[in-house]
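First comes the structure, then the notes that go with it.
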Amino acid sequence: MSHLWPILAMLFLVATCRAGETAEWRASTNEPGAARVWLHPGLPIPTVLESLNSKGFRISYKPDQVPPTMILIERPKAKQIDTLLREILSPYDLHADHTIYGEWKVKPIKKKKIRVAAKQ
């Protein structure tokens, strides 16, 4: 039984090291800078989304939702894909939800309706 403990400790260390590699890979794929996508003002938003798709970020949107007339207003400062998408899409009242399938889905921002109380 005493020979079994070093083997269990070794298996635990191997599993821990493998989990760290996966987390590091996920972190690097979440950064648009790691994908080397060059974003500049005036670039159409559909072109930006397609270039991010070609680099491995799965972003789905409807063409009528994001027409070619939508352009990048300023160069994004974000380093993470979620904040980058928020920065790019928010001027057009759009946002991107991360789905359970690992993709981003572009949707309109739902605004709350303000109810005005009627005077009696």
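Here, each number is a calculation from the coordinates, and none is a lab measurement. Please read all numbers here as calculations on a predicted model, not as lab measurements. As a convention, Cβ positions derive from the backbone with ideal geometry for all residues, glycine included, and neighbour counts pool all protein chains shown.
Data table
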read-out	value
Note, ³J(HN,Hα) from phi for the range 43-52, Karplus 6.51, -1.76, 1.60, rounded to Hz, x at Gly and Pro	6, x, 4, x, 5, 4, 5, 5, 5, 5
Distance in nm between pseudo-label sites at Met10 and Tyr101 (7 Å out along the Cβ direction from Cα)	4.3 nm
Two-decimal ratio, the range 31-108, of alpha-carbon radius of gyration to 2.2 N^0.38 Å	0.98
For Ile7, Ile71, order by how many other beta-carbon atoms lie within 10 Å, fewest first	Ile7, Ile71
Long-range amide H partners of His95 with built H, under 5 Å	Lys107, Ile109
FRET efficiency, Lys55 to His3 (Cβ-Cβ, R0 41 Å, nearest 0.05)	0.25
Difference of contour (0.36 nm per residue) and Cα-Cα distance, Lys110 to Thr69	12.6 nm
Ranked packing of 83-94, 38-49, most packed first, by mean Cβ within 10 Å	83-94, 38-49
Neighbour net charge for His40 - beta-carbon separation under 10 angstrom, K R +1, D E -1	0
